[in-house]
Each structure stands twice: as structure tokens, then as C-alpha cells.
Amino acid sequence: MSFPKTCLNLVRRYETPNVLLSVLILMHLASLSIRAQGRITALEKNLRKADPTTEVTCSRQGQRNNRLPVTVSMALNMGDELISESGTVTVKARCGTATDLVLSGPFRVRFLRPNNKGCKIYSYPKAGGSVNVSSSVPTNMQSGEIKLGTQHTIYEVKTQLVTRTKLPRASSKMLEQQLIAYDGKVSARLPRSSKPVIVEEGKKIVTAGTAVARVDITTQDIERTASAVARIEISQSAVPDAARPAAFLRLKALHQEVLADPNSRPKLINLVNEQHGLGIPTDPRLTGTPTPTLTPTQAELFGLLRQRRYNEAIAGFDRRVQELGRADSRDYYGLAVAAKQLRDNKQAVSYANVALKLFEVDGRMSREELIDSQRIAKPTPQPTGMSVWALELNANAKTVITLVLANPCQKMVRIKIKAKLRFGRLLSGDEIEIAPGSNTEIRFEFDTTRRKPGDYQDELGFECLNCSEGDTCFGRKGFSVNVHVKEGQAESTGPTDQTEPQAEQAELFELLRQRHYKEAIAGFERRVKDKRGDSRDYYGLAVAYEQLKLNERAAAYANNALKFFAADRRMSREELIDCERIAKLTRPATPTSTPTPTPTPIPSPRTTGTSVWAVELSANTKTIRDLTLRNPCKTMVRIKIKAKLRFGRLLSRDEIEIAPGGVTNIRFEFDTTRRRPGDYKEELVFECLTCSKGDPCFDLRKRFSFNVHVTEGQPETTGIPDQTDSQDERAQLFKLLGQGHYKEAIAGFERRVKEQRADSRDYYGLAVAYEQLQDLKLAALNANKALSFNQDDRRLSKEEQNVSRRIAERNRQQ
């Protein structure tokens, strides 16, 4: 052992051996710089806090006989090791002063003395383990023989066991390491390399033995990292246990967007807003620099409302409200609209009243927003039983009003609506279905044109078509409709023709779907004449005139719609594509100033004859597309779907029912992995199981020809690709359910849950299996999880949702 010169001088000064020995020991300890190199900040298991845990241990100074269970806020000294053998606990640790590590899977990490203010660790490669680094200062990391150095970036080292074939019938297993740079650049020094290799943002290096490959980051890489980070954050939030799976999926999706595009401010704002809403501290290193003030603008938040992202909009409006003096009446109006859409009527009324009070001071809301705030502040009454429905209408006006009807039964009920209204008409279908324990909205339009002010009385009846004679659950319901018409501008309990452009517009598009083209044209033209029209109104006129075989007028309105769209961006992608098609009916295609999005399925193909579905996909991707099918019949039809797809699969059920005059979306997933760019043809057949021969309403066999064009570019998908799910595997599990092998099915579904590949249909399968085994508690638990997950992934069919609600309700009644 060698000591500094100061120690030799002490030998001359002190003659007492004991004193000299004590001083030497103190100096030696000081020379080791034993101080905290890191600290445990979070432990997670199954989306919950795991503090403390014995599944992750800390080895002091690398001594295996001195291993301690870890706990949050434990200090990590130089030479300490974090070890996880099982890989079931995710660990977040702070290293140095400004570096966070997220350790998942089996791992073993050793903390070393840092340089300056940076962080320095050594990772022992273990199959299935990963180390994610997020830092705003220089870091140094070594994984096996690979050395990495970087600053203010986000990167990851992932290890997996792979099989390499050397000779015919000879193979060996070796560890493969992946060095992934999400944000910024990473300098890596590989074995047997004289110069460091720079890994650019969005790239990764894969090493196995002496083989080295540089490739792009995959969606699986992003998903895995986002999953680990989101699990840690959700475990530290105050979200109730039942809501954690759904909150985790939302947060994971936002992290995926940020990792895929770290320089996008809007995506970062969405992530920060979601973290605020869940009570999770935001990370200032997400963009490589201290996070600026991310309070979104009103325009961005109202854009979220139009996209139906209500939770994100609420989080943004709440942030504006919390900043003293920033919020105005329009912010509270936005909160009221979002809460109303989330069916939180009490909160919506409260926000609407605040918006009305602030409006008296700032006058920020438009006339339409003011009327809408007044409507929300006085919500539509929900009559039940034999009740009186009191309405107040304005003379010489058209008003759309919604009536909410509840189903208190434990079964699905089919209701026949009998309306005897002198100056009102039913906009919804006259036969509806209501799921057990839920409610539905029935829309009416009242036209008081040429009606004198006064009081009128009408009748409205509901008859249950599938209830028995002695069934008191629903029976026959009747309403006495008392209508008071006055000359002034009455506040309606529903959207009005003059003040609710979006609700009115929705009714006009409903008329289009019902093939009332002339009535729809009159409504759209009235809106254009009143200078309330936008691109969607002109698109509606184009569709109506095309159906009436007036192609010149249809093309003219389609061109107007495209011009308006350049300013208001109101049309959806499908409507834009359809509008461009209509604009080319009477003239050669010419380029317009409107940006052309990626082609998507043609909207609502007709149900007679043979149709062509043109789909454009990107090579080496998974894309989800919807095909809309209409039922023009006056009876319910049951359709059998037969898909002959070479690189596509049906996500919806292969047997569906469509209500009379209704529509349904059929979802497909296309996988173009290893498919060369070019044109392909596929085939899809719909067979009507309830139609008779010669029935002109719906063909017995309806055939679609798929024209699939695969490009090298990256088109925008219409859904979230399912990267990890195996549809064939799940189909086998549901087959086991149908054969009565419930325990085998449960084992399969639970394996998918454990491997984090489960969605709402997996939990639905568990609920059905446990119900058959009479374990109602577990059945209800999984049914509630299925309904919670379905809010995000929308994989359950209508029938499966109803079954899940029934199972959950049955347990509550027990």
C-alpha cells in the first residue's frame, strides 16, 4: 500500500503507534472518496409501488455476502451493485447529479466514481435486461466490453440471447447487445475497434460476438422503453388501482410519441399535460435541455377537443386555470364541454356557470359558445317512467332536442319508439337497443315554423319488444310532451338551428346517411346562405348532388370544399379523399393547393354489386384500416365475413349484425413486412345469413376486391399497430373457451397478461372463463378490466361489451 507524502510527514510528527495508525486509516478512507454516487428514487411491480423489495438487492462494495434489500431513497456508494435476478421489478435510480436510470428485466449494475458532475456505471450484460439512461450532463457507461460516452441525451442498452448458426446442423447461443440513441448522439467504443463509433439519433447498433450492424430504431424498441418508463411513473401516481391499466396505456402511448419524435413540442406538451393530470413530476431532460413553460395555447386545447382527446384538454385547461390571471371565460367553457363529453354533468354545469360569470367581464366567448354554455349550465332533464316532458321552444325556428332513456334491466332491451308529434319528428331510428344498466340518447327535431305562440301537448311512447308479459323491469313507458312556444329567443335544451352549427351539421349528415338528399341539400344551402358554412357543408352538398346524379354541381361544391379546407381544416382525412374524388367527376384531375394526405379506404361503399376498396400501405409496417358497411334494409341483417387476405387479417368478429338503416365499421390489420413495393389484389366476401333469395335489399353474397398498393414511404395509419399481439394465439384461446376447456384458456390468457401483451379481449376471455367456473369475484374483476382497457383500444365488440357489463353487474348483485 502506498500513501501520500502527507502521510510520511505524519510519521515524523507522531511517535505514538496508535495515533499514527488512526490517522493513516482516516486518510485512507478519505482517499477512497466514499460518498453517495446514486440514490434509489422509485421501485415498481405490477404498476404499483414495490417499496421495499427483496427481489432487487444492493451489494455493498461489490461483496456478494453483504447484499441488502433495496428501498426508495437508499443511497448508493461507489462500488455498490444493484442486482435483479427475477426481472419482475423495475427500478429508477438517480446517478450523479442529473442522470436518471431505469433498470428493467434481469440486471446487474455497478456504480463507479463519476467524472466532474457526470455519472459512470458498469452494466453486466444479462439476457432480457435493459438500462435506459436519461441525462442532461455527460455520462459514461460500460456494458461488458462496450464503452459509451455522451451528454444531455436519452439512450438505452438492451441485451438478449440469440442463436447463431455457424455450420449446417450446428448452432450456438450468444448475448446480443443493442445500443439505442433516442435523443442526441452516443459515442460508443466497441471491442477490437480503434476509433469510437457515433450512434446518431433514431439509430441503433447491434453487436453479437464480432458482428456489428447499424440499423434504425424499431417500434418494438420504442414500445419497450416507453413501457418501462410509464410503469415507473404510474406506480408513483395517485391513480386508483382499477384505473391504473388504462392510465398506463395512455401514458405509454404518449411516451412512445415523444421517443419517436423527441423534437416535437406538441407531443411533449401532450405528455407533460398527462403527467400533470396524473400527479406525476415532469422530466426536464425530455428534450435534452431544461423544459420551457409548456402551458398550451387555447387554440391547441380546442384542437384537442375537436379530436375528442378530452382528458388531455382538461389537463391543459386546468394548467391555464392554475396560472393566476391566465384563464378566461373560454377556458372554463372548454372545461365544461370536455366534462360534458365525459358524462360528468355536475362538473360540466359548474364550469359552465363560471364561464358565464367571467364572460360578463371579459366578453371572450363567441355567440355560439355563449349559447352552448347556457345550455350546459341547464342540462336536459332525464325523464323516467310515466313522466311529463316540458319543452320551451322559440316560434319560427327548428330545434334539435335530446331525450335520455335509461335501461334498468339486467339484459339487453330492444325498444320500439312511437312518437305522436304534430310539429316534431324523430331523427334517431324507431327501433333501438339499450345495453343492461346503460342509457341512450334519442334525438328529435321540433319545427315551430308558422306555429303561433302558445301551449301544445303531444305524446311519446316506448314499447319493449323483447320483454315478457310479467316483466316489470321496463314494460311500456309513456311521456306527455308539453310544448310551450313563445316569440322570444328561448333557451333550448338541445342544439338549435341558429346557434349550434356543429350539432346541426351532424343532423344534416345523418340525413345523408338516411338518403334524404333533398332535405340535406336544403339544410346545407341554408347554412351557406347564412354565412355559417365551412368545408364540411360544401362536402355534404357535393355528396348529396353526386347521389342525385348531378355531377357538375357536385364537382363545383367539392372544389369549394377543398378551398375552404385550406383555411379551416374541418374535413376528416376520409372526407378529404372523397371530396378530391368528387371534384374530378367532370374534368381531368388537376393539382390543387390542398395538401394530399395518404389515401385511405373509400368511405361507405355501397352494398350492392361488386366494389373496389383501394388501400395504400407502406412497406414493412403494420397498419389498421376500417371498412364501413351499410344496411339499407328495414330489418336487422346478420353478415358472415370471409376474408381471403395474403398479408392482412380481420380484427373484428367474422359474424356481425347491422341494425336497419345503420352502419358498422369492420377493422382489418395489414402487415407488409417483407413485402416489396408494388400492386396486390385481395378479396373479401360478405354473406348475408338472414336474407332470402331474390331479396333486393341486401345481396346474399357481397364481394369486395382489394387493390393494395405498397409504397416505400410511410403513410399515416388509421389506427395503432398491434406490435406484440398474436391474433392466431388468441383465436386458439377463444376456441378453448368454446370447447369448455376453461382452465386451459385461463392459463393462456394469464400468460399473455404476464407478458404484457394483453388487451381488452384477453381480460374479456378471462371473465367468461371464470364465470363458467363459478368464480364470480375473479370474473367481475376481469370484466371491469376489459371495460377499462376497451376505452383505449376499442377491441371489444358491442356484444362483448354487454357481456362484460353483465358479468360485472352480476357480482355486485351477489
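The values are calculated or read from the model by the stated rules, or taken from the named source; none is laboratory data. Bear in mind the structure is a predicted one, so any value in this text is a computation, not a measurement. Using ideal geometry, Cβ is built from the backbone for each residue, glycine included, and neighbour counts are taken over all protein chains shown. Each accessible area value is taken on the protein alone, full model and side chains, heavy atoms only, with ligands, DNA and RNA left out. Shrake-Rupley method; radii C 1.70, N 1.55, O 1.52, S 1.80 Å.
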Give me the pairs, please: first residue somewhere in region 647-662 and more than 24 Å from residue 707 (Cβ to Cβ), second residue anywhere and among the basic types (Lys, Arg) and assigned to a loop (DSSP other than H, G, I, E, B), beta-carbon distance under 8 Å, and either six or more positions apart or on two chains. 660/634; 661/634
Would region 729-748 turn up any residue that is aliphatic (A, V, I, L, M) and modelled with pLDDT under 75? no
For region 760-786, which positions are surrounded by fewer than 21 Cβ atoms within 10 Å (Cβ to Cβ) and either assigned to a helix (DSSP H, G or I) or touching a residue at least 12 places away in the same chain (Cβ under 8 Å) (or both)? 772, 773, 776, 777, 778, 781, 784
Here are some residues: 497, 458, 447. Which one is modelled with pLDDT of 80 or more and under 25 Å from residue 376 (Cα atoms)? 447
Is region 797-810 home to any residue that is outside any helix (DSSP H, G or I), open to solvent by 50 Å² or more (accessible area, probe 1.4 Å) and either touching a Cys at 6+ places or on another chain (Cβ under 6 Å) or more than 30 Å from residue 90 (Cβ to Cβ) (or both)? no
Of all residues being under 24 Å from the mean Cα position of the chain (by Cα) and closer than 20 Å to residue 807 by Cα in region 725-752, which is most open to solvent (accessible area, probe 1.4 Å)? Just the residue, please. 750
Is it the case that some residue within region 585-595 is at pLDDT 75 or above and either open to solvent by 40 Å² or more (accessible area, probe 1.4 Å) or among the polar types (S, T, N, Q) (or both)? yes
Residues satisfying the stated conditions in region 312-360, i.e. small (Gly, Ala, Ser), modelled with pLDDT under 85 and outside any loop (DSSP other than H, G, I, E, B): 315, 316
Residue that is outside any strand (DSSP E or B), at pLDDT below 85 and of a type in the set (Ser, Thr, Tyr), where the choices are 172, 194: 194
Within region 574-583, the residues that are at pLDDT below 85 and either touching a Cys at 6+ places or on another chain (Cβ under 7 Å) or open to solvent by 50 Å² or more (accessible area, probe 1.4 Å) (or both) are 574
Please verify whether residue 74 is more than 31 Å from the chain's Cα centre (by Cα), buried (at least 20 other Cβ atoms within 10 Å of the Cβ) and of a type in the set (A, V, I, L, M, F, W, C), treating the condition exactly as stated. yes
Are any of the residues in region 426-436 in contact (Cβ under 8 Å) with a residue 40 or more places away in the chain, of a type outside the set (Ser, Thr, Tyr) and farther than 27 Å from residue 805 by Cα? yes
Restricting region 234-244 to residues that are open to solvent by 20 Å² or more (accessible area, probe 1.4 Å) and in a helix (DSSP H, G or I), the one modelled with the highest pLDDT turns out to be 244
Name every residue in region 346-355 that is surrounded by fewer than 19 Cβ atoms within 10 Å (Cβ to Cβ) and either closer than 12 Å to residue 370 by Cβ or of a type in the set (A, V, I, L, M, F, W, C) (or both), in order of residue number. 349
If you go through region 654-672 one residue at a time, do you hit one that is at pLDDT 80 or above and outside any strand (DSSP E or B)? yes
